[in-house]
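This report refers to the structure that appears directly beneath it.
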Amino acid sequence: MNYFETLLDTIKPFLDGEKKPLNTLEASNLWLYAGMGQNTLRLEEVWINTVQDNEFKEIVTSVFHVHKEIVNDLNEFLMQESVPLPKTSPPKPIADYQSIPDGAKFTEEEIANLLSFNLLIAMTQGMRIITESIRADVGFMVSKFLFKHISVSIPLKQLMLERNWIQEAPPYIK
């Protein structure tokens, strides 16, 4: 079963015809999502510069590219809808952060957990946007974002399991 095609088939009848303007909740949620995405990109740029392990760096870079694509798509949509874009900070340059003392930079385990938390927040906020949106095109667009987040979350989680980096709650014992 292709879930993406099923989703499209479900939403497709609602995508045709005249679209109402975004309501205030849709505009606010999408604006916040775009702002969160921009800030996440800045963190991921720093982490790409910090991570030394090639396998992990590949995952962080993959997540960065997915987030960049999502933010670009979202910004384009917001501009088409005449919603002002959130203020952004400039991209971080590629640099050698090896000169930063170990205690002053994140470890790879810390980066993995922060990246995992950021993906969780993005997916949670995305589900909120989907459930609160009226326009089908908004729900469909954000559904695509969720699929992209899931596609990069799985390799990250696998690596975190292999390296014993996942922060787990203790077992519940009565």
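The values are calculated or read from the model by the stated rules, or taken from the named source; none is laboratory data. Values in this document were obtained by computation on a predicted structure and should not be read as measured data. Cβ sites come from the backbone with ideal geometry, for glycine too, and all protein chains shown count toward neighbours. We work out accessible area using only protein heavy atoms, side chains counted, and drop any ligands, DNA or RNA first. Shrake-Rupley method; radii C 1.70, N 1.55, O 1.52, S 1.80 Å.
Computed quantities for the displayed model
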{"quantity": "Dipole of region 100-146 [Lys/Arg +1, Asp/Glu -1 at C-beta], most positive-end residue of Ile100, Met127, Gly139", "calculated": "Gly139"}
{"quantity": "Accessible surface, 1.4 Å probe, highest first, among residues Val83, Val63", "calculated": "Val83, Val63"}
{"quantity": "Restraint check, Lys19/Lys87; Lys87/Lys157; Lys92/Lys148; Lys68/Lys157, Cα-Cα greater than 25 Å", "calculated": "Lys19/Lys87; Lys87/Lys157"}
{"quantity": "Candidates Gln98, Gln38, Gln125: whichever shows maximal mean-square fluctuation once the chain is modelled as a Gaussian network with Cα springs under 10 Å", "calculated": "Gln98"}
{"quantity": "Net charge over other residues, Cβ less than 15 angstrom from the Cβ of Gly103 (K, R count +1; D, E count -1)", "calculated": "-3"}
{"quantity": "Residue-count net charge about Glu55 - beta-carbon cut-off 15 Å; Lys, Arg +1, Asp, Glu -1", "calculated": "-2"}
{"quantity": "Highest-MSF residue in the chain out of Asn118, Asn29, Asn54 [GNM, Cα springs under 10 Å]", "calculated": "Asn54"}
{"quantity": "Neighbourhood net charge (15 Å Cβ-Cβ; Lys/Arg +1, Asp/Glu -1) for Gln38", "calculated": "-1"}
{"quantity": "For Thr131, solvent-accessible area (1.4 Å; no DNA, RNA or ligand), Å²", "calculated": "100"}
{"quantity": "For the chain, accessible area per residue (1.4 Å probe, heavy atoms of protein chains only), Å²", "calculated": "63"}
{"quantity": "Dipole magnitude (debye, nearest 20) for the chain, charges at Cβ of Lys, Arg, Asp, Glu", "calculated": "400"}
{"quantity": "Rounded to 10°, Cα long-axis angle of helix 3-15 versus longest principal axis of the chain", "calculated": "30"}
{"quantity": "Folded to 0 to 90 degrees: helix 24-50 orientation relative to the chain principal axis, Cα", "calculated": "20"}
{"quantity": "Protein accessible area in region 61-140, 1.4 Å probe - carbon and sulfur %", "calculated": "59"}
{"quantity": "Between 0 and 90°, nearest 10: helix 54-80 axis offset from the chain longest Cα axis", "calculated": "30"}
